[in-house]
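Notes for the one structure printed next.
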Amino acid sequence: MAVREIIQIGHPVLRTPARTVKPTELASFPMQQLIDDLIDTMRNAGGAGIAATQVGEPVRICTIEVDNNVRYPYKPPIALTVLVNPEIEYLGDDTFPLNEGCLSVPLRGDIRRHLRIRVSALDRSGTEVLREVAGLSAGTFQHEVDHLNGVLFIDRVEDSRTLATWPEFERHAREVFVAEITEFVKRIGS
Ligand code: NI
């Protein structure tokens, strides 16, 4: 297990659609080690999730975990989740506004995510998982699967004037956003 370097925006691997992982390959030592490294790297950086492309491995694997997250304290908890070859299906057209950040981008910005989704994937042992997710948690899943398609949250920012560094976000936007999103989480329950 090891904390890996997190690739930053500008590196082409972040823009490369990741390839599907074969079930036999998933069981291999290097692939299982990559999953352990992703978990360590995500936890070490205080991220809510991380995709393999962010450590320079263009394979369709990402991890998600939210537990009193330091970067996003308003996010409801998500137990440690490993997704291999994830696919997202939107359940309806409803979207909601949120402000996102990313371990590979030194900015935050306002975007919209689908409110309700169904995620199908394999877990790290190769077992099929099917899960419906709503609200902020659904946003986290969409963010990570975007990475595997070479998409960054800034591609979804409609108004570039909402882009802010973390310190400037803290200074000027955090209070209003956190009040709004906390109400939203209460209403949606996730
Ligand atoms: Ni990200």
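Helix 135-148 and the long axis of the chain differ in direction by around 50°, with both axes built from C-alpha atoms.
If you take the Cα centroid of the stretch 17-83 and the Cα centroid of the stretch 158-190, the two points sit 24 Å apart.
Where the accessible area of the chain is counted over protein heavy atoms with a 1.4 Å probe, how much of it, in %, is carbon and sulfur?
Values: 4870 of 9340 Å².
That share works out to 52 percent.
Relative contact order of the stretch 12-188, please, whole-number percent, based on alpha carbon pairs below 8 angstrom and at least 6 residues apart. Walk me through the intermediate numbers first.
Details: 334 pairs, mean separation 40.9, N = 177.
Across the stretch 12-188, relative contact order equals 23 percent.
Solvent-accessible surface of the stretch 31-153, taken per residue with a 1.4 Å probe and all protein chains present: 36 Å².
Placing +1 on the Cβ of every Lys and Arg and -1 on the Cβ of every Asp and Glu, with nothing else charged, gives the chain a dipole about its Cα centre of roughly 40 debye. With the largest listed first and rounded to whole Å, the semi-axes of the equivalent ellipsoid of the chain from the Cα gyration tensor are 26, 19, 15.
The slack between ALA45 and ASP155, meaning 0.36 nm per residue of separation minus the straight C-alpha distance, is 37.3 nm. Could you work out how far helix 29-45 tilts from the main Cα principal axis of the chain, as a 0 to 90 degree angle to the nearest 10? Approximately 20 degrees, to the nearest 10.
The values are calculated or read from the model by the stated rules, or taken from the named source; none is laboratory data. It should be emphasised that the depicted structure is a prediction, and the values quoted were computed from it without experimental measurement. Glycine gets a Cβ as well: all are built from the backbone with ideal geometry, and neighbour counts include every protein chain shown. The accessibility values were calculated without ligands, DNA or RNA, using every heavy atom of the protein model including side chains. Shrake-Rupley method; radii C 1.70, N 1.55, O 1.52, S 1.80 Å.
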